[in-house]
Amino acid sequence: MRMIQTPRTALCLVLAALLLAGCGKSPAAPSATAAAREQAAAAATPAQPVGVGASGTDAGGLTGRSGTLNNPDNATMVFLYYDLAGITPPVDQWVEDDHRVRYAPGIDKAAHRAAVRAEFEAGLAAVRGVGVLQLTLQAGLSSYDPTYGEFTVGALSPGAVYTFKAQGQTINLKFDNALTAQSWSVPKDQAQAIVDRIGNDSLLLDATLHIRKVLPGPGGGTVVAHVDSWNLRDSRSGSTVARVTAIKD
């Protein structure tokens with residue numbers, strides 16, 4: 001039988017041929033040039049920085065901090081921790097949790113909220129750039145050890161941890177050179193005279209600490225400091241008993 005081909009029939013045949021030619025083909029793979037371009041773009045994208053909590057490094061920018069705090073209170077140490085770690089403090093939550101805001105009459109809440117926020121912001125501003133702490137501690141001087149020719153200052157021992165709690169956070173302070181800093185070498189012929197003069201229970205320690213790093217953790221973190229120097233003094237007379245400087249690791 002002979003098929004009579006009309007213009008419409010011819011158009012249909014052409015379309016059918018095109019459809020059949022396209023069947024079974026997979027999408028074209030990217031060219032080598034495109035793949036190389038994608039790899040280069042991936043390599044140029046910087047990786048996300050590792051947080052301070054994971055590495056314990058100077059992610060908060062501790063270098064060059066020369067400000068000093070003398071015997072900071074609990075809240076000030078919490079403010080300092082946030083500044084050292086480079087973590088944005090939850091000021092809004094602190095304001096709402098403050099009893100002056102929480103228990104204020106509704107009509108007075110806005111005014112109390114503004115006043116409390118101003119206090120927190122001032123406290124946070126005051127610790128910016130602080131890198132040195134000066135603390136007065138109970139010395140905890142040991143008995144004299146004639147074998148090693150030294151006293152041990154318990155306040156600076158490797159197990160010493162000083163805790164500050166405020167704003168629902170707990171901040172611990174530790175020393176990275178405690179093993180060295182705790183030792184006070186004294187010649188044997190002088191040790192007994194020192195004990196006879198001052199005793200062991202009336203001594204205060206004035207320590208100068210340089211902050212080395214911060215270790216964030218759940219509900220707070222740890223500030224690690226280096227003991228640069230310390231003075232031992234009699235709490236009754238105020239006289240200096242010993243002065244140790246340039247303490248190394």
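The values are calculated or read from the model by the stated rules, or taken from the named source; none is laboratory data. Please read these numbers as outputs of a predicted model, since none were measured by experiment. Every residue, glycine as well, gets a Cβ built from its backbone with ideal geometry; the counts of neighbours run over all protein chains shown. Quick note on the areas: whole protein, heavy atoms, side chains included, nothing else; ligands and nucleic acids left out. Shrake-Rupley method; radii C 1.70, N 1.55, O 1.52, S 1.80 Å.
What to note about this one:
- Which listed pairs, of LYS213/LYS248; LYS188/LYS248; LYS174/LYS248, have C-alpha distances above 22 Å, in listed order: LYS188/LYS248
- Here the label points at GLN138 and GLN190, each 7 Å from Cα along the C-beta direction, are separated by 2.7 nm in the simple model.
- The H on the amide N of ASN177, modeled in the peptide plane, is under 5 Å from the matching H of VAL227, each at least 5 residues off or on a different chain.
- Expressed as a whole percent, the accessible area of the stretch 161-205 that falls on carbon and sulfur atoms is 47 (1.4 Å probe).
- Probe 1.4 Å, protein heavy atoms only - accessible area per residue of the stretch 49-192 in square angstrom: 53 Å²
- Of the solvent-accessible surface of the stretch 76-135, computed with a 1.4 Å probe over protein heavy atoms with every protein chain present, carbon and sulfur atoms account for 56 percent.
- Beta bridges per DSSP with both ends in the stretch 169-249, % antiparallel, nearest 5: 75 percent
- If a spin label sat at a point 7 angstrom from the Cα of THR180 along the line to its beta carbon, no backbone N atom of the stretch 132-152 would be nearer than 15 Å.
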